[in-house]
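**Q** Pasting a structure here, questions to come.
The values are calculated or read from the model by the stated rules, or taken from the named source; none is laboratory data. Remember, predicted model here, so these are calculated numbers, not experimental data. FYI the Cβ positions are ideal-geometry reconstructions off the backbone, even for glycines, and counts take in every protein chain you see. These area figures cover heavy atoms from the full protein model, side chains too; ligands, DNA and RNA do not enter into them. Shrake-Rupley method; radii C 1.70, N 1.55, O 1.52, S 1.80 Å.
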Amino acid sequence: LLLQWNLVCEDDWKVPLTTSLFFVGVLIGSFISGQLSDRFGRKSILFSTMAVQTGFSFLQIFSTSWEMFTVLFLIVGMGQISNYVVAFILGTEILGKSVRIIFSTLGVCIFFAIGYMLLPLFAYFIRDWRMLLLALTIPGLFCVPLWWIIPESPRWLISQGRYKEAEAIIRKAAKINGIPAPAVIFDTAEDSKPQQQQKAILLDLFRTRNIATITIMSLLLWFFTSVGYFGLSLNTPNLHGNVYINCFLLAVVEVPSYVIAWLLLRYLPRRYSIAGTLFLGGGVVLFIQLVPTDYSALSVGLVMLGKFGITSAFSMLYVYNVELYPTLVRNMAVGATSTASRLGSIIAPYFVYLGAYDRVLPYILMGSLTVLIGILTLFLPESYGNSLPESFEQMLKVKW
């Protein structure tokens, strides 16, 4: 790809720009996906964005120039993050409390890690970039039959006043699970009209002082956690050893981190779990500066341990965010915080770039910021053991 479009010498700046523009697409997708799915429904936006990702990834195979490839790559980024966020929200709203935590950690995240591990294996055996893109695009077609299997979110339907559709989904689920459903599930005589008129906008995330404080703190939490996660991931080529093996190992370490995240979410309060893993990740990354340059294996091990802690925290943020906000703006809130996360991913390469001036400088900055944001987490509300809020009045208060 580099030689085909002559992305070397004076044009080598186009290579990192391609990655940055992909993350710009991810940023745009994070911003709009939440609002679209809150307005038009989880299921329709999920499959629409999956079609965008798969279709434009396929079109990339026929790119005739760097400019064409990059524009299509930006659109792929928009679709990729949109269907990820919407699928997460749809799953958490359909499933019960105990299964929801398993889905959010061992479900979504473990399968993400498996895909992450397969990526360097595909890249190692398929060296032609067009064939590699084709191999990565084909699995998207297998998702088409899921349209007839995955239901719409009953919680979203209720928030829109569409009680009959929600009741049909609940009765079907009860029948599949062998559980008798009550004769009357919803009393819609009084509530259907007012609920149907409710439309949320982005400013609702700042409608009161308490909600605005939670939103701002959540944005900062996602931003700096993303800087640490992507900073360590993008710094992989600078580690000693084979780049494919290092990438594979960084993917493998995510599996135990998700298992630990699931156990923490199951048995311990959210704030202390997230803060503790951030302290672990940030503290270990800070410790790298004390390791002599000759002990490269120890440095790689500490990077893996730091990635373990930050990844655990990152996976718990999705569950935590879902539990903080009411149904009307839940997907919008996750979309907004994901936008902050993507801003962190765009800035992360510049943290890595500082390593050209000082080997340990990126680790000092990422470690310090991770520890500081861990402290800030302790002031957020605690959602452990509470039901998902359905209205703004049910939102918890910040701990000042």
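**Q** Looking only at segment 84-107, which residues are without any contact (Cβ under 8 Å) to a residue 40 or more places away in the chain and either of a type in the set (A, V, I, L, M, F, W, C) or closer than 17 Å to Leu146 by Cα (or both)?
**A** Residues satisfying the conditions are Tyr84, Gly91, Leu95, Val99, Phe103, Gly107.
**Q** Among what's in segment 389-400 and is assigned to a helix (DSSP H, G or I) and open to solvent by 60 Å² or more (accessible area, probe 1.4 Å), pick the residue that is farthest from Arg271 (Cα to Cα).
**A** The selected residue is Glu393.
**Q** Given (1) in contact (Cβ under 8 Å) with a residue 60 or more places away in the chain; (2) surrounded by fewer than 19 Cβ atoms within 10 Å (Cβ to Cβ); (3) in a helix (DSSP H, G or I), identify the lone condition not met by Asn386.
**A** Failing condition for Asn386: (3).
**Q** While we're on this one: In the set Ser273, Ser315, which member is touching a Cys at 6+ places or on another chain (Cβ under 9 Å), in the same structural domain as Ile214 (by the TED database) and part of a helix (DSSP H, G or I)? Reasoning before the result, please.
**A** Working: Ser273 fails: touching a Cys at 6+ places or on another chain (Cβ under 9 Å).
Selected residue: Ser315, the only one of Ser273, Ser315 that is touching a Cys at 6+ places or on another chain (Cβ under 9 Å), in the same structural domain as Ile214 (by the TED database) and part of a helix (DSSP H, G or I).
**Q** While we're on this one: Looking for whichever is closer than 17 Å to Ala212 by Cβ, within 23 Å of the chain's Cα centre (by Cα), open to solvent by 20 Å² or more (accessible area, probe 1.4 Å) and hydrophobic (A, V, I, L, M, F, W, C) here; the options are Leu372, Leu343, Leu380, Leu328. Which one fits?
**A** After ruling out the rest, the residue left standing is Leu328.
**Q** Shifting gears a bit: Say whether the condition of being outside any helix (DSSP H, G or I) and either of a type in the set (Phe, Trp, Tyr) or within 30 Å of Val253 (Cα to Cα) (or both) is met by at least one residue in segment 103-114.
**A** Taking segment 103-114 first, the residues outside any helix (DSSP H, G or I) are none.
Checked against the condition, which is being outside any helix (DSSP H, G or I) and either of a type in the set (Phe, Trp, Tyr) or within 30 Å of Val253 (Cα to Cα) (or both), segment 103-114 yields no hits at all.
**Q** Let me ask you something else. Using the structure shown, decide if Ile288 is β-branched (Val, Ile, Thr) and under 20 Å from the mean Cα position of the chain (by Cα).
**A** No.
**Q** Output the helices (runs of 4 or more DSSP H) that fall wholly within segment 117-182 and possess 2 or more residues being open to solvent by 60 Å² or more (accessible area, probe 1.4 Å) and over 23 Å from Phe58 (Cβ atoms), or say none.
**A** Correct list: 163-176.
**Q** To continue, here is another question. Name the one entry in Phe58, Phe62 that is under 23 Å from Leu146 (Cβ atoms) and over 21 Å from the mean Cα position of the chain (by Cα).
**A** Just one listed residue meets the conditions, Phe58.
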